[in-house]
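Comments concern the structure below.
The values are calculated or read from the model by the stated rules, or taken from the named source; none is laboratory data. These numbers were taken from a predicted model, which means no experiment stands behind them. Here the Cβ positions follow ideal geometry from the backbone for every residue, glycine too, while neighbour counts run over all protein chains shown. Accessible surface is based on the protein model in full, side chains and every heavy atom, while ligands, DNA and RNA are left aside. Shrake-Rupley method; radii C 1.70, N 1.55, O 1.52, S 1.80 Å.
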Amino acid sequence: MKKNTLIYAVIGAICLMMTSCNDYLNILPTGKKIPTTYGDFEALLRDEYGVHSVPVRQASMLLNDFFVSASTLNFERLSEVNYNWKESENRIAFNNSDESTYYQGYASIATCNLLIEYAPSMTEGTAIQKNQLIATAKVIRALNYYTLANYYAATYDAATANTLKSVPLIESANIEAAHRQVSIQELYDFMIGDIEQALPVLDNEGLTALHPGKGAAYTLLARIYLQMENYPKALENAQKALAIKNDLYDWNAYYENNKAAIENPTNYTRRQSPMNHSYVETYYFRHGTNANFESSETLVRTDRAQRFETGDVKFASRWKLRTVGTDTYYYGTLIGYFNTHGLTTAEAYLIEAECLARANRVSDAMTVLNKLRKTRIRTDLYQNLSATDPVEAVKLIQRTKQNEFIQSIVPFADRRRLNKDPQYATTLTKTENGQALSLSPTSHLWIMPFPQGALDNPGNGTIEQNVDR
C-alpha cells in the first residue's frame, strides 16, 4: 500500500475548511505527517470536530425541534422546505446548501478506517493499546453509519431491508478502494458486527469521554436493535450498559442551585453547561453543531416547548422565553459544551423502559421511566406516571425520550420507526403565518436526499438517490 493513500487522518478537517467538498474522496493533502506511533494514531481520536461531531440539522428542522427565523428561511431553501413541510418542492435541487451531515459523517468514518486498517502496524504501543484503539474506532464508525443510515435512507423494516439501499459502505483507508451503496440490512449487519468485534477488547469505560468503552458499545447496540424492532436484544444490551454505569444527573439540584437566575424572567445571562465532557450520564461524548469552541444551544419554538412536562427543570435550566423584535422563542441560557449526539445512561434507561413495555411488563417499564423523571421534574410537582397497557406506556416513554434528546438523531430515528405502526404513527401539525400545516407519517420528507456533490463525485463507487425529491 502506498503511503500516499493514508489520507483519511487529515481529510476531514481540510475538506470541511474548503469552499467545496465535492472532491471529498479524491483529495490528497500534501505535507502531512503519516501517523506511525501509538501516540500519532491515538491523537487522531482527539479531533473533536473531525471525529466527534456530525450535525443532523435538517432532521431537527423537519421535526421543528428548534426555532428558525423567517429571514433565515428566506435564503435557506432546503431548510424552508423541511421546516414548513413543502412536499411538492424538489429538495434534491436545494441540497448543496446543507451537506455537513454527509461530509462530516464520512470524515469521521475516514479517520476510523485509517485507525482500523493501519493501527496494527503502529510502533511504541502495547498490543492491548493497539487493540483497544481499533475497537474504539469500530464503535465510533458504527455510530456514524447509524446516523447516516437514519438520515439518508429509509428506516429499518425487515420486509424491505434486503432490497432498499442505504448509504455507501466505505471500509478502507485507501483512497482508491472501491465501495458500494449497500442494502439497509447489510449496513445494519455491518454495524452490529463492528460493535460485537469491539466489545471483548474494550474496558468498561473508555480512556476519555471521547473513547467509547463497553457501556457506550452496549448502548449503541441497544439503539440499533431498537431501530430494528428487535426488542429482546435491545433490552439485553441496554441492561448490560446500565450494569456498567447507571448514574443520572440531578437536575433538581442544579435548578435549586441556580433558581434565582432561572426564575428571573429578564435574566438572560448564560451559565456554564453541566452537559460537558464530564457529565455524569456520559458513556461517550459527541458534540452537537459546534465542537471547537464553547457555544449555546439552539432556540426552541414555543409550540415545541409546550410538549415538555410541567415542572421539567432540565428544560427550565436550559431555555427561557424571550421576545426579540417580532420573534418569540425559548432562548438557550447555557453556554459551553453539550453531549448532544453521544451515548448516555439516560438513553439506556429509556430503551430499557420501552423494551419492558413491549414485553408487556408495563409496571416495570414505568418504574424505569419514573426513575429518570425524578431527576428531571421539579420535586414539588413530581408524580409517578402509570400506564394501563403497553401502548400507553410506550407513548409516555417516548414523550420523555423526544424531549430528553431534542435536536439529536434519536427523536428523528424513533419517529421514523414508530411511524410504521398505526398505534404510534403521528401526523405533525402547526400553524405558520396563519396557515395550518401538517406532516404525514408516510411523507417522503422523512428521508433526507444525498447532497448533489456526493452524487456527482462518489469516488470509486456509485450512489443512487434514495428519494425522488
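The table below lists the values:
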| item | result |
| --- | --- |
| Answer residue from region 162-176, given it is within 20 Å of Ile409 (Cα to Cα) and of a type in the set (A, V, I, L, M) and is least open to solvent (accessible area, probe 1.4 Å) among those | Val167 |
| Helices (runs of 4 or more DSSP H) contained in region 379-469 and holding at least 3 residues open to solvent by 30 Å² or more (accessible area, probe 1.4 Å), at pLDDT below 95 and touching a Gly at 6+ places or on another chain (Cβ under 7 Å) | none |
| Pairs with Cβ under 7 Å, 6+ apart, first in region 158-177 and of a type in the set (Val, Ile, Thr), second surrounded by fewer than 16 Cβ atoms within 10 Å (Cβ to Cβ) and part of a loop (DSSP other than H, G, I, E, B) | Ile175/Leu28 |
| Filtered residue count, region 415-425, keeping only those that are without any contact (Cβ under 8 Å) to a residue 24 or more places away in the chain and of a type outside the set (A, V, I, L, M, F, W, C) | 2 |
| When residues of region 83-104 are limited to those that are more than 19 Å from Asn150 (Cα to Cα) and modelled with pLDDT of 90 or more, the one least open to solvent (accessible area, probe 1.4 Å) | Asn84 |
| Number of the exception - Val391 against (1) out of contact with any Asp or Glu (no Cβ under 6 Å at 6 or more places or on another chain); (2) within 17 Å of Gln58 (Cβ to Cβ); (3) β-branched (Val, Ile, Thr) | (2) |
| Residue match in region 312-331 (condition: farther than 23 Å from Lys430 by Cα and assigned to a loop (DSSP other than H, G, I, E, B)) | no |
| Matching residues, region 381-404, being touching a residue at least 24 places away in the same chain (Cβ under 8 Å) and among the polar types (S, T, N, Q) | Thr388, Gln398, Thr400, Gln402, Asn403 |
| Residue among Ala209, Ala158, Ala217 that alone is small (Gly, Ala, Ser) and open to solvent by less than 20 Å² (accessible area, probe 1.4 Å) | Ala217 |
| When residues of region 220-267 are limited to those that are aliphatic (A, V, I, L, M) and open to solvent by 80 Å² or more (accessible area, probe 1.4 Å), the one nearest to Ala137 (Cα to Cα) | Ala243 |
| Filtered residues of region 54-79 (kept if over 19 Å from Asn339 (Cα atoms) and either in contact with a Pro (Cβ under 8 Å, 6 or more places away or on another chain) or assigned to a loop (DSSP other than H, G, I, E, B) (or both)) | Leu63, Asn64, Phe67, Val68, Ser69, Glu76 |
| Unique match (being outside any helix (DSSP H, G or I), farther than 15 Å from Ile463 by Cα and of a type in the set (Gly, Ala, Ser)) among Ser166, Ser172 | Ser172 |
| Search result, residues across region 40-53 that are open to solvent by 40 Å² or more (accessible area, probe 1.4 Å), of a type outside the set (Gly, Ala, Ser) and in a helix (DSSP H, G or I) | Glu48, Tyr49 |
